[in-house]
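The values are calculated or read from the model by the stated rules, or taken from the named source; none is laboratory data. Since this is a predicted model, take the numbers as computed values, not measurements. With ideal geometry, Cβ positions are generated from the backbone for all residues, glycine too; neighbour counts draw on all protein chains shown. Please note that ligands, DNA and RNA were not included when accessible areas were found on the heavy atoms of the full protein model with its side chains. Shrake-Rupley method; radii C 1.70, N 1.55, O 1.52, S 1.80 Å.
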Amino acid sequence: MRLPTFSAVCLTALLQLQSCSAFVIPTTSTAATTTRTTASTFNRLYVTASPKNNNDSTKEEDDDDELSPEDIEFFQKTKLLCEERNFPLEKVKNARDLSSPKHSPIQPNRVLRMGRISDATVQDIQLLLQDLNIQTLVDLRSPTELKDDPTLERPEVFGNFTSMVWTERGRGKDGCLRELKDGEAPVRQKGEKRTRKWFGGGKSAEEESDVEKMLDSSSEDDCDVCAVGSVPVSEVFENQTQKRKERHFVSLMNEFKYVKGTISKVRKRDLAGTVLKSPAALLSKRARDNIKAPFLDKINDGGLPMLNELLLRFGAPGIKYVLELCADKSRHPVAFYCTAGKDRTGMITAILLSLCGVPQEDIVEDYSLSANVYAEMNDHKAMVGALSQRNLDPKTFLCAPPQVMRDTLEIINNEYGSVEEYLNWIGFGPEDQKKLRDALMS
């Protein structure tokens, strides 16, 4: 029996996390609690240091957490560092060179990080595409985010770029690439007939008909054959002789992966007992609210750390591909981005900096510079409202407390041994790592 309603309920709880999908790791309740407390305090720092606005939905209603002098000093330092390191752009947020962090050996204009570029003004376009002469754009957003971006195909920004869609074939394997025709959208538009396969390589949760398979966290997407119209990445790299500007769509995470990963964190008996006992009961609002509760509790309790853990596991093939692009000097400068340039972008940045030997606290400092980005975005109120309507805590998901990145790096070491060992696990071995270091540092 097909249970689209069950899957849709799962998606409802996670859908809005696509625009702020974070990535960190600690799995203990203590670590999660520490991160949430730090997030709340750090978010208040922004409010405290910003002009007062009684109508601003970011204003904190409670003042339970006292701001220590150290907190205030850190935030003021962060604002100064943003002014020093971020590119002076009007609409593109959180944009800086990976050579900018303290003790970074990465050479200038090799790799850049930023929020979505499609909103760029004329001045932004001049700086990014003319002065810096970005050759390769890497869009890390999910299909949902792409569909909701009205400026996705702005000719002023992307007119000189050839668009490529990447899809995965499993951890450790080369993905597939498909070059889009002129005017062809990278993702199915609203109102179009749903197909079996998602753009990002995974199945839509709305199409998943087997509840037991949904609850099986051990199964991962794995395919040996590229879809019609696509070719293995290795073939594209080997046969490409003409240098050109390219935009690569690399969906690191989609709704199905979030649902699947969150299911693996929730006790199966809490979900399967309700669904399998009486699937038809899901037609009632009360039943749907009951089945959503375990997801919402787990998401809010885990916060950014849990979402980072999901990214490292389920986003591994995409992470590998982005690193391969960065390791190809003929594609420099490479600029990668998500919506705010905070979480998915922050994870790629942390991996690159760590691989190049940047000390942990300097990586943490660079991540924390993203703290203000959502407050600076035009749709910040909408994001806060959307998360609140789904009983998700905006303070948890729209900030970048330093402890989040400390926990991330610590868990990478605990779970995988080191960043290098994590890269080995995703199929990006020692030779690939050396090539990447050489491309960025020499």
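Scan the range 83-96 for residues that are open to solvent by less than 20 Å² (accessible area, probe 1.4 Å) and not in a loop (DSSP other than H, G, I, E, B) and the total you get is 1.
Are there any pairs with C-beta distances below 7 angstrom linking a residue in the range 429-442 that is touching a residue at least 12 places away in the same chain (Cβ under 8 Å) and of a type outside the set (A, V, I, L, M, F, W, C) to a residue that is open to solvent by 20 Å² or more (accessible area, probe 1.4 Å) and part of a helix (DSSP H, G or I), with the two at least 6 apart or on different chains, and if so which? Every condition considered, the pairs that remain are Q433/E420.
Check every one of the helices (runs of 4 or more DSSP H) wholly within the range 316-427 and list those with 2 or more residues that are closer than 21 Å to S118 by Cα, modelled with pLDDT under 90 and in contact with a helix residue (DSSP H, G or I) (Cβ under 8 Å, 6 or more places away or on another chain).
The helices (runs of 4 or more DSSP H) meeting that bar are 373-376, 380-389.
For the range 99-112, the criterion of being outside any loop (DSSP other than H, G, I, E, B) and modelled with pLDDT of 95 or more is satisfied by at least one residue. Consider the range 98-121 and keep the residues that are charged (D, E, K, R) and surrounded by fewer than 22 Cβ atoms within 10 Å (Cβ to Cβ). The one that is farthest from the chain's Cα centre (by Cα) is K102.
Would you please name the residue that is nearest to W166 (Cα to Cα), looking only at residues in the range 125-143 that are in a loop (DSSP other than H, G, I, E, B) and among the hydrophobic types (A, V, I, L, M, F, W, C)?
L140
Of the set (1) open to solvent by 10 Å² or more (accessible area, probe 1.4 Å); (2) more than 17 Å from F158 (Cβ to Cβ); (3) in contact (Cβ under 8 Å) with a residue 24 or more places away in the chain, all apply to S142 but (1).
Please work out which residue is least open to solvent (accessible area, probe 1.4 Å), limiting yourself to the range 130-139 and to residues that are under 19 Å from S100 (Cα atoms) and touching a residue at least 12 places away in the same chain (Cβ under 8 Å). Applying the filter and picking the extreme gives I134. For D124, indicate whether it is open to solvent by less than 20 Å² (accessible area, probe 1.4 Å), among the charged types (D, E, K, R) and within 26 Å of D328 (Cβ to Cβ). So D124 fits the description; yes.
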